[in-house]
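Have a look at the structure below, then the notes.
The values are calculated or read from the model by the stated rules, or taken from the named source; none is laboratory data. In this text, all values refer to a predicted model and were calculated from it rather than measured experimentally. Here the Cβ positions follow ideal geometry from the backbone for every residue, glycine too, while neighbour counts run over all protein chains shown.
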Amino acid sequence: MKKSPLEELLWNLYTDEASNEEGSGAGFILISSKDIELTCAVRLDFLSTNNDAEYEALLAGLRMAQKVKAQRIKAHVDSLLVANQVKEDYEAKDPKMIKYLRKVQELLQSFKKSKVMHIPRSLNKKADALSKLAAVAFDHLA
């Protein structure tokens, strides 16, 4: 069976979160090596910590990568905790973090090649802006 050209590309995923008194949001940008770019801002409708929201952003981005049938993915996260837990440099001890970590590991196994790496916040400004947009409450527009 012949693969589509999109499946063989390396996809770069940039994720971030935002939490404030108005709510929490997750943002991600999925970019192929052919400059196909998908952006998404997700409002989290549940109480979440920064770490919860970081994992939610990563999970949302990995699910999108699956939908475009990506086979090679490099995820860039600015959370040192999440990056190191996924790389197994840090142990997840909190039951909620263990569940998030297992789900991320499960999703990563669906790709032929995958890598999660930590990047400085200064290199993640676009994903940060998306997450902040999603975290703002828009109840007054309903």
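Summary of computed values
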| quantity | calculated |
| --- | --- |
| Given (1) buried (at least 16 other Cβ atoms within 10 Å of the Cβ); (2) at pLDDT 95 or above; (3) within 14 Å of the chain's Cα centre (by Cα), index of the condition Phe111 fails | (3) |
| Residue check, Glu8 modelled with pLDDT under 90 and surrounded by fewer than 20 Cβ atoms within 10 Å (Cβ to Cβ) | yes |
| Residue pairs meeting the criteria (Cβ under 8 Å; at least 6 apart or on separate chains; first at positive phi, in segment 13-39; second among the aliphatic types (A, V, I, L, M) and not in a strand (DSSP E or B)) | Gly23/Ala135; Gly23/Val136; Gly23/Ala137 |
| Candidate set: segment 53-76, residues that are touching an Asp or Glu at 6+ places or on another chain (Cβ under 8 Å) and part of a helix (DSSP H, G or I); chosen: the one surrounded by the fewest Cβ atoms within 10 Å (Cβ to Cβ) | Glu56 |
| Total residues in segment 79-92, condition closer than 21 Å to Ser19 by Cβ, without any contact (Cβ under 8 Å) to a residue 12 or more places away in the chain and not aromatic (Phe, Trp, Tyr) | 1 |
| Among (1) charged (D, E, K, R); (2) at negative phi; (3) in contact (Cβ under 8 Å) with a residue 12 or more places away in the chain - the single one Lys67 does not satisfy | (3) |
| Residue within segment 1-17 that is among the small types (Gly, Ala, Ser), more than 26 Å from Leu133 (Cβ to Cβ), assigned to a loop (DSSP other than H, G, I, E, B) and more than 11 Å from the chain's Cα centre (by Cα) present | yes |
| Some residue of segment 77-100 being modelled with pLDDT of 95 or more, assigned to a helix (DSSP H, G or I) and of a type in the set (Lys, Arg) | yes |
| Scope segment 36-47; condition surrounded by fewer than 20 Cβ atoms within 10 Å (Cβ to Cβ) and over 17 Å from Tyr14 (Cβ atoms); matching residues | Arg43, Asp45, Phe46, Leu47 |
| In segment 77-101, residue nearest to Tyr14 (Cα to Cα) [restricted to those that are of a type in the set (S, T, N, Q) and touching an Asp or Glu at 6+ places or on another chain (Cβ under 8 Å)] | Ser79 |
| Residue satisfying condition, being of a type in the set (S, T, N, Q), more than 13 Å from the chain's Cα centre (by Cα) and surrounded by 13 or more Cβ atoms within 10 Å (Cβ to Cβ), within set Ser32, Ser122 | Ser32 |
| Sole exception among (1) in a strand (DSSP E or B); (2) at pLDDT 95 or above for Ala41, by number | (2) |
